[in-house]
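Right, one structure below, let's go through it.
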Amino acid sequence: MTTTSNEPTTDASRVDDPAPRPRATAEEVAAAFEDTKLAQVLYHDWEAETYDDKWSISYDERCIAYARGRFDAVASDQTLPYERALELGCGTGFFLLNLMQAGVAKTGSVTDLSPGMVKVALRNAENLGLTVDGRVADAEGIPYEDDTFDLVVGHAVLHHIPDVGQALREVLRVLKPGGRFVFAGEPTTVGNIYARRLGQLTWYFTTNATKLPALRSWRRPQEELDESSRAAALEAVVDLHTFEPRELQKLAREAGAIEVGVKTEEFAAALFGWPIRTFEAAVPPEKLSLQWRLFSYQAWKKLSWLDETVMRRIIPRGFFYNAIITGVKPAG
Ligand SMILES: C[S@@+](CC[C@H](N)C(=O)[O-])C[C@H]1O[C@@H](n2cnc3c(N)ncnc32)[C@H](O)[C@@H]1O
């Protein structure tokens, strides 16, 4: 286990985590099409060092407020902070590190199937001065003792896990009695259809429009675009599920959780956000000015407000893009 602080962890065993594999061989990529967990590791190890830039992830007010907002959407009535929190599928640490900065938890453990992601998450935690340790871990078999954590969180991870029910049972095992889990950023079945289609169309139009001589300077180098296309092919292997809110709720109850709640968010915000994010990934980063980034963030915020105040009253919850689920481990 790797740690960014000198504090002891409660796990006696130290493990040697595998090293990141940022450059996969052609044989490994071919094998990954038959092995979803190998695909997760290759795809996310490959993305790890550029992930924060690609998804405009930061550890400042903007993302602190976003992470806290997702937590409060389903668990606003909690007494904070939690003593010890675990993140599954942490990526670069976006959710837990920002929740810790928002005062939701005092200490944290970041885990991910991808060694590259754990490495970046620990580096981010260290830069932020947070008390965090980290481990390469599969959510279907979490390498921590029973009753260890007060809070387990995840963002955009459940849809990558082959057996979501098994992962939720593991979450309940490592939670202390009365402990809570919050998983946010899970695609709904309907939301995923329009988000994917909008993303594909935006990629097609942007990469073709930037072939025009007048727009050449907006074109990313061909090898980068080819690499993105190969990654997009693997993306089809790593994205395993979409969720109907009611089905997700049922899975958590069957795993043994109580006080289960599912909320969905982002309709207009997702219709706007997916083309914007795809456009940003298709052009050279230096073309995106601070004004552009501020404009897209402010527009997304206004549309999220519209979703909460107006769309929620007229559109079924399954049409919103993001699902957030929470639940509690029964006491005793
Ligand atoms: C879409 S990324 C989200 C990363 C981060 N939570 C965020 O929101 O920025 C999904 C993450 O889940 C990880 N992952 C996929 N399958 C996993 C599994 N079975 N156990 C643990 N992590 C997994 C991937 O390696 C990847 O880092």
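For LEU175, the residues whose amide H sits under 5 Å from its own are ASP147, THR148, PHE149, ignoring neighbours fewer than 5 places away on the same chain, with H placed 1.01 Å from N.
Comparing LEU271, LEU158, LEU215, which has the greatest mean-square fluctuation in the GNM of the chain with Cα pairs linked when under 10 Å apart? For the chain, modelled as a Gaussian network with Cα springs under 10 Å, the answer is LEU215.
Shape class for segment 177-237: prolate, because the ratio a/c of the largest to smallest gyration tensor axis (alpha-carbon atoms, square roots of eigenvalues) is 1.5 or more and a/b beats b/c. Fewest neighbouring Cβ atoms within 10 Å first, the residues ASP45, ASP150 line up as ASP150, ASP45. Among GLY129, GLY165, GLY256, the largest mean-square fluctuation in a Gaussian network model of the chain (Cα springs under 10 Å) belongs to GLY129. Here the sum of -39500 (n - 2.57) over DSSP H runs of 4 or more residues, divided by the residues of the chain, equals -14500 deg cm²/dmol at 222 nm, to the nearest 500. Could you check which residue among GLU247, GLU223, GLU259 shows the biggest mean-square fluctuation in a GNM of the chain with a 10 Å Cα cutoff? Per the Cα network of the chain with a 10 Å cutoff, GLU223 tops the list.
Partners of LYS211 within straight-line reach, counting lysines whose Cα lies under 19 Å from its Cα and excluding those fewer than 8 residues away in the same chain: LYS287. Here the relative contact order of segment 95-158, from alpha carbon pairs under 8 Å that lie six or more residues apart, stands at 35 percent. The angle between the Cα long axis of helix 245-255 and the main principal axis of the chain comes to about 30°, on a 0 to 90 degree scale. Which of rounded, prolate or oblate describes segment 112-204 when judged by the alpha-carbon gyration tensor and an a/c cut-off of 1.5? In terms of gyration-tensor shape, oblate. Ranked by how many other Cβ atoms sit within 10 Å of their own Cβ, fewest first, the residues LEU212, LEU172 fall in the order LEU212, LEU172. Length available on full extension from SER229 to SER289: 0.36 nm per residue minus the Cα-Cα distance, which gives 19.1 nm. Rounded to the nearest Hz, the phi-derived 3J(HN,Hα) couplings of segment 293-302 under the Karplus curve 6.51 cos²θ - 1.76 cosθ + 1.60 (θ = phi - 60°) are 5, 5, 4, 5, 5, 5, 5, 4, 5, 5, where x marks glycine and proline. Summarising the label geometry, the points placed 7 Å from Cα in the beta-carbon direction at ALA26 and TYR297 lie 4.3 nm from one another. Evaluate E = 1/(1 + (r/R0)^6) for LYS106 and SER217, where r is the Cβ-Cβ distance and R0 equals 56 Å; express this FRET efficiency to the nearest 0.05. After rounding, the FRET efficiency stands at 0.70.
For the chain, what's the relative contact order in percent, using C-alpha pairs closer than 8 Å and at least 6 residues apart? Relative contact order of the chain: 19 percent. What the Kirkwood sum gives for segment 212-292 is a hydrodynamic radius of 16.5 Å, with every pair of different alpha carbons counted. Please report the base-10 log of the normalised intensity I(q)/I(0) for segment 142-195, using a Debye sum with one equal scatterer per alpha carbon and no solvent, at each q in 0.22, 0.23, 0.27 (1/Å). With no solvent term, the Cα-only Debye profile gives -0.84, -0.89, -1.09.
The order of LYS37, LYS211, LYS329, going from fewest to most other C-beta atoms within 10 Å of their C-beta, is LYS211, LYS37, LYS329.
Projected onto the charge dipole of the chain (+1 at Lys/Arg Cβ, -1 at Asp/Glu Cβ, origin at the Cα centre), which of PHE95, GLN166, VAL136 gives the Cα projection farthest towards the positive end? So the residue furthest toward the plus end is PHE95. Kirkwood radius for the chain, taken over all pairs of different Cα atoms as the inverse mean of 1/r, rounds to 20.5 Å. Given +1 at the Cβ of Lys and Arg, -1 at the Cβ of Asp and Glu and no other charges, the dipole of the chain around its Cα centre is 1300 debye to the nearest 20. In order along segment 95-109, the phi-based Karplus estimate (6.51 cos²θ - 1.76 cosθ + 1.60, θ = phi - 60°) of 3J(HN,Hα) comes to 7, 5, 5, 6, 5, 5, 5, 7, x, 7, 9, 7, 10, x, 10 Hz; Gly and Pro are listed as x.
Subtracting the Cα-Cα distance of ASP53 and ARG197 from 0.36 nm times their residue separation leaves 49.6 nm of extension gain.
Taking Cα atoms only, the orientation of helix 189-209 departs from the longest principal axis of the chain by about 30 degrees.
Each reported figure results from applying straightforward, stated rules to the coordinates on display, with no laboratory input. Everything numeric here is computed off the predicted structure, so don't read it as measured data. Cβ: placed from backbone, ideal geometry, glycine included. Neighbour counts: every protein chain shown.
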